[in-house]
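The block underneath contains the structure these notes are about, expressed in structure tokens.
The values are calculated or read from the model by the stated rules, or taken from the named source; none is laboratory data. Nothing here was measured: the structure is a model prediction, and the numbers come from that model. Backbone-built Cβ (ideal geometry, glycine too); neighbour counts: all protein chains shown. Remember, those area values only see protein heavy atoms, side chains included, never the ligands or the DNA or RNA. Shrake-Rupley method; radii C 1.70, N 1.55, O 1.52, S 1.80 Å.
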Amino acid sequence: MPISPEADILCQNLQQAVLTALMASNKPIVLLALSGGLDSMVLLHLLASLRQKAGFCLKVAHVHHGLQAQADDWAAFCQAQADALQLDFQLCRVQLADPARNIEQQARTLRYQALAELLTPDTVLMTAHHADDQLETLLLALKRGSGLQGLAAIAAQKTFAGTQLLRPLLAFSRTELEQYAEVQQLAFVTDPSNQNDSFDRNFLRQHVLPLLQQRFPAISQTTARSCQLLQQSLAYQQQQLATELAQVLRHNQLDLTRLAQLANPVRDLLLRHFLSRYDLTPSAEQTREFVQCFLLAETDAQPQLQWGNWQLRRFDGLLYLLDQTAQQQAAQQPAEGAVLAPERLLHWQQWLFLWNSDSKAPDATWSSLPLTVPLADQLRLTTGQLNQRFKPTGSGHSKALKDWCKQWKVPPWRRGSMPFIIAGQQNTVVAVPGIASHCTAAEALSWLHYKVEV
């Protein structure tokens, strides 16, 4: 059946948008997040029609949330679509921790976590977000009183899980995708929960967007352009903040004294930029609370704030963020008995250790300490024995580790869990990873390589 000139132009525009995204990513493998709904089925059809021309390998993944009675049927539908196109298919099952609370956010977080596990550096992830999604996201950001980052809404391209996440359909409205699906006679599933207007996004979709689009037919596309401009402004701001943040960091921690000397809005922007490393986005009220607790408090005060799973603390003028879950896990995994065997990788908590005779670290992400310990000797990892004595190279005397920790300005809450390296039957401390060794490189009989996983 012949298609209209308008439909043909729409098809060409959609294909070009996908091709442009593919060329920008320059990845040989595309993983499509396929829900089975209209949007993702349109993107599946576009990618399948372009894979031979563009020369990429297409894979499909469906995340099964188990929230709807039809969830198994949707998974089977997606499997059938992939099979019909002879595509590799992955089914990821996730389970919400608390289905009674913030279902949308929990599902989204679990969905992206599941997809991230399927990615490799050669694979780019694609999702089928469109211009109506962008408009809804912008309106929700306005409702929350978001700043530039929130108002920039959904990014067309972003770094994700060591590779890239692309959303090539952001410039197209849902109506345009419906037109394409009708012309191509695409089958798709419908999620009945989308009719539940107790969810804010569904309320906007059912009651607000139709009125806006009736009055302003092109509002989805014009909003998408506005978000693109905001994303450019955000990208420039992030570059500037990254440069300026380096001036208020000490030992890769935020120097609160230097931060307090800055005037607003730079001070608050730098604070939020630093906290974004920990996926924290403080509100205006939380930012004021932070300033009061950490920047205006007396220098000898020990302020603390609890934001979600993160505990914020101050020591020696620096800001520290403690992951409460990681601390609990660390307490349950003592280092006693952890033996370092030559040429064997030891994974303990967030640390990786490798003991060998090579002075060269495995790669640039590792650090190294020299040891006068032959590989035939014994080497083990321990924590908490702060009364043990240690004589770092260059020091004229030994003293208890607890005294060295004070001199090294190790925060008190870290001292009991920081690793020490013990050699031989005499239980001699020979190294403190990240800080000091007992010998120089010229004296080394072996090397301890280590890194902290982020």
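Summary of values
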| quantity | calculated |
| --- | --- |
| Tabulated pairs, segment 195-215, first free of Cβ contacts under 8 Å to residues at least 24 places away in the same chain, second surrounded by 13 or more Cβ atoms within 10 Å (Cβ to Cβ) and of a type in the set (D, E), C-beta under 7 angstrom, 6+ apart or interchain | F203/D197; Q206/D197; H207/D197 |
| Hits in segment 236-286 (condition: of a type in the set (S, T, N, Q) and under 24 Å from D316 (Cβ atoms)) | Q247, N252, Q253, T257, Q261, S276, Q286 |
| Filter result (in a helix (DSSP H, G or I) and not aliphatic (A, V, I, L, M)) within segment 170-182 | R174, T175, E176, E178, Q179, Y180, E182 |
| Number of positions in segment 149-169 that are more than 28 Å from H45 (Cα to Cα) and either open to solvent by less than 50 Å² (accessible area, probe 1.4 Å) or not in a helix (DSSP H, G or I) (or both) | 3 |
| Subset of segment 232-258 that is among the hydrophobic types (A, V, I, L, M, F, W, C) and within 20 Å of P411 (Cα to Cα) - its residue that is farthest from the chain's Cα centre (by Cα) | L256 |
| Residue in segment 35-43 that is buried (at least 23 other Cβ atoms within 10 Å of the Cβ) and outside any helix (DSSP H, G or I) present | yes |
| Matching strands (runs of 3 or more DSSP E) fully within segment 342-438 where at least 3 residues are surrounded by 15 or more Cβ atoms within 10 Å (Cβ to Cβ) | 351-356, 367-371, 379-383, 419-423, 428-432 |
| Flag if T190 is out of contact with any Asp or Glu (no Cβ under 7 Å at 6 or more places or on another chain), in contact (Cβ under 8 Å) with a residue 40 or more places away in the chain and open to solvent by 80 Å² or more (accessible area, probe 1.4 Å) | yes |
